[in-house]
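Only one structure is covered here, and it is reproduced in the block below.
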Amino acid sequence: MQQDTNKKQPLYVILLLILAAEAVFILPFVLQRIFRTTFLESFSINDTQIGSCFAAYGTVALVSYLFGGPLADRFKPNVLMSVALILTALGGFYLSTYPTLVNLHILYGFWGFTTIFLFWAAMIKATRIWGGSNKQGIAFGFLDGGRGLVAALFGSAGVVIFSLFITKDIELTSIEERRVAFKEVIRYTSIAVMLIGFIVFFLLRFNEEEDIKLEHNAKLLTMENFKIVMKYRAVWLLMIIILCAYYGYKMTDLFSKYAEQVMNYNKIEAAKVGTSLLYMRPVIGVVIGLLADRTRASLWIIIGFLLMTITSLIFYLGIIDDSTTLLFVLSIGTMAIGVYSARVLYFATLEEAKIPLAVTGTAVGFISVVGYTPDIFAGLLMGFFLDDNPGAVGLQHAFGIMGIFTLVGLLASYLFYRHSKKVL
């Protein structure tokens, strides 16, 4: 039976969720996305090796999704999320010591535990509670769009800090000088993430009635919820949708690399390309969320996959180079709209599919086991093409693979759209 979740929740709750939801991923993902080449140089590794670190993260995350889901149905979000943030920040301080490749793998595995087992399902469930029965689009739109703004602010702050510790033209600096500057970026980021963890513990609260429901749910056995969740056809389709959409999102890691290697931008200019994309997420998130609440979330996921498929084909064909700057800007902008549209809404469809709120954590965990497997293989797959074919050719192949994934996602989202019409 579907719970009534129309009670209005405090505005500051979604603001805290937005802040925490991106802060926890800044250290494992956002810094290397914005400072891709600097990250690789500082740790003396290549694309395949950073891909294997993400594989270590994804392997731990795979198990963490499954067991973290029921955990989120038993404990309050503020407790799980704050512990996750603080532990992730401690990992960041260790990252700033520039550990060996072996220890870097261990660190990414540790982050797979902190960000997923303790954090992920708790954050999604808290967002669904905040959105109620009829504002899921705007809830998840605010969440992902706001996460984009938080990531952009962290990224901009990182670029500023990096620039402050570079005392001459970036192209004239040595790798060691860049390592020193990047170390400060990591340290200041870790401090910020830890502070956010303490803020979440003390301030993340729902209205009194919802807190009572959460305490009641904490007393219930949740393993039986897996049997409930697996009966929903929408759950299985969402696995495919999220897998394909998330692979597309992982490809945004390569835009700064494309800017540097194909468009001939310098390292700081390339980092700004990655950061500028993050500023698009808040606008896209809010607009798509509002549209989804007035139509259907699954419709906008279809549109998102269509845009991703078209633009990945453009990159694959290799018609974008340093003489087509406008096409480059338009293409990454269009792909960002597609990627973020799908990313914003895939969990908003839980309400559309009529999956009970009480089993949200379990559903999220179960779906995510398959949906987020690109954490394991995407980096390795991209690294294989990029290292085997350096420069433009490798990037073209990587975007070609993306096109295959987004085409499959387009089909799955269409099937979900048709199925959800029957349960409305």
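Some observations on this one:
- Judged by the mean number of other Cβ atoms found within 10 Å, the most tightly packed of the peptides 162-169, 64-71, 414-421 leads the ranking 64-71, 414-421, 162-169.
- Quotient of Cα Rg and 2.2 N^0.38 Å for the chain, N being how many residues it contains: 0.94
- Selection from Ser52, Ala292, Leu31, by position along the positive dipole direction of the chain (Cβ): Ala292
- As a rough guide to protection, the peptides 273-281, 334-342 ranked by mean Cβ packing within 10 Å, highest first, stand as 334-342, 273-281.
- Residue among Ser312, Ser174, Ser331 with the largest mean-square fluctuation in a Gaussian network model of the chain, springs linking Cα atoms under 10 Å: Ser174
- The alpha carbon centroids of the range 88-145 and the range 267-281 are separated by 21 Å.
- Distance between the range 38-69 and the range 169-210 - C-alpha centres, whole angstrom: 19
- Residue-level accessible surface for Lys227, protein heavy atoms, 1.4 Å, Å²: 120
- Degrees, to the nearest 10: 297-316 long Cα axis against longest axis of the chain: 20
- With a threshold of 28 Å on the Cα-Cα distance, the over-threshold entries among Lys231/Lys421; Lys183/Lys267; Lys135/Lys231; Lys125/Lys272; Lys125/Lys250 are Lys125/Lys272.
- Whole-number accessible area per residue in Å² for the chain, which is evaluated in the context of all protein chains at 1.4 Å: 38
- For the chain, the fraction of 1.4 Å probe accessible surface lying on carbon and sulfur atoms is 70 percent.
- Surface accessible to a 1.4 Å probe, Phe328 within the full protein complex, Å²: 0
The values are calculated or read from the model by the stated rules, or taken from the named source; none is laboratory data. This is a predicted model, so every value here is computed, not measured. All Cβ positions, even for glycine, are placed from backbone atoms using ideal geometry, and neighbour counts span all protein chains on display. Only protein heavy atoms, including side chains, enter the accessible area calculation; ligands, DNA and RNA are left aside. Shrake-Rupley method; radii C 1.70, N 1.55, O 1.52, S 1.80 Å.
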